[in-house]
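Peer 1: Supplied in structure tokens, the structure appears directly below.
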Amino acid sequence: MPAMNTASPAPAAPGDDQVVPLTRAWLEQAVIGLNLCPFAKSVHVKNQVRYRVSQGQDWDSVAVDLEEELVLLAKSDPEHIDTTLLILPLAFADFHEYNDFLDWADRILERMRLDGELQIASFHPDYQFADAGPDDIENYSNRSPFPILHLLRESSIDRAVAAYPDASAIFERNMATLRELGLTGWNMLPFVVTNKQR
């Protein structure tokens, strides 16, 4: 008689029907709700944000999806797709590996000759600024439910900055907002509660 396998099955990977709504809730409740990015609301309400869930689990497979999305964004009409969130629920759970991949992502951008046209911003569940401790509330300005590569148009950034008074003060204002909110306040945001229940 063959031995019975008593090991617990690996947890199922979250599907697109979980990943996208949770990411959208984070965008609405944290990024827009706390006004961490004053430019996000406009593209969100106009449905100009593309959500792409990558099933990649390693550098090579994520890079393939990244290249596809960079090409698509570069060729798309900004009125239809102004920015893309490439969500990576199966890759880069370790922030340091994710951070290492960002350098490669920028090299991909350069190799495709899209630097200067597009750029890549970073969000991660364990995001940590270089000068911050792992538990500092300031890190939460870039903390998201899943690792994300945020693909942006340089032209859109330039227009948004030109239209927003004192854009250079956004970072400091975000830090003040998060310090006032505190970790307890952050953990009470609905998307955080939902994510912990997954």
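Peer 1: Considering segment 47-60 alone, what residues qualify as being in contact (Cβ under 8 Å) with a residue 12 or more places away in the chain and either more than 15 Å from the chain's Cα centre (by Cα) or farther than 17 Å from L102 by Cα (or both)? Spell out the reasoning first.
Peer 2: To start, the set of residues in segment 47-60 that are in contact (Cβ under 8 Å) with a residue 12 or more places away in the chain comprises 48-59.
Scanning segment 47-60 gives Q48, V49, R50, Y51, R52, V53, Q55, G56, Q57, D58, W59.
Peer 1: Right, here's the next one. Keeping to segment 182-191, report how many residues are within 19 Å of the chain's Cα centre (by Cα), over 13 Å from V19 (Cα atoms) and touching a residue at least 12 places away in the same chain (Cβ under 8 Å).
Peer 2: Going through segment 182-191, the residues within 19 Å of the chain's Cα centre (by Cα) turn out to be 186-187, 189-191.
Next, from what is left, pick out any that are over 13 Å from V19 (Cα atoms): 186-187, 189-190.
Okay, now just the ones that are also touching a residue at least 12 places away in the same chain (Cβ under 8 Å), so 186, 189-190.
Number satisfying all stated conditions: 3.
Peer 1: Also, quick follow-up: Given the residues F92, F146, F129, F101, which is the only one that is within 17 Å of the chain's Cα centre (by Cα) and at positive phi?
Peer 2: Working: F146 fails: at positive phi; F129 fails: at positive phi; F101 fails: at positive phi.
Only one candidate qualifies: F92.
Peer 1: What is the number of the single condition among (1) in contact with a helix residue (DSSP H, G or I) (Cβ under 8 Å, 6 or more places away or on another chain); (2) farther than 24 Å from L22 by Cα; (3) surrounded by 14 or more Cβ atoms within 10 Å (Cβ to Cβ) that I170 does not meet?
Peer 2: I170 satisfies all of (1) in contact with a helix residue (DSSP H, G or I) (Cβ under 8 Å, 6 or more places away or on another chain); (2) farther than 24 Å from L22 by Cα; (3) surrounded by 14 or more Cβ atoms within 10 Å (Cβ to Cβ) except (1).
Peer 1: Looking at R159, R173, which one is assigned to a helix (DSSP H, G or I), under 26 Å from L189 (Cα atoms) and not hydrophobic (A, V, I, L, M, F, W, C)?
Peer 2: After ruling out the rest, the residue left standing is R173.
Since every read-out is calculated from the coordinates, none of them should be taken as a lab result. Bear in mind that the values here come from a model prediction, so they are computed numbers and not experimental data. Backbone-built Cβ (ideal geometry, glycine too); neighbour counts: all protein chains shown.
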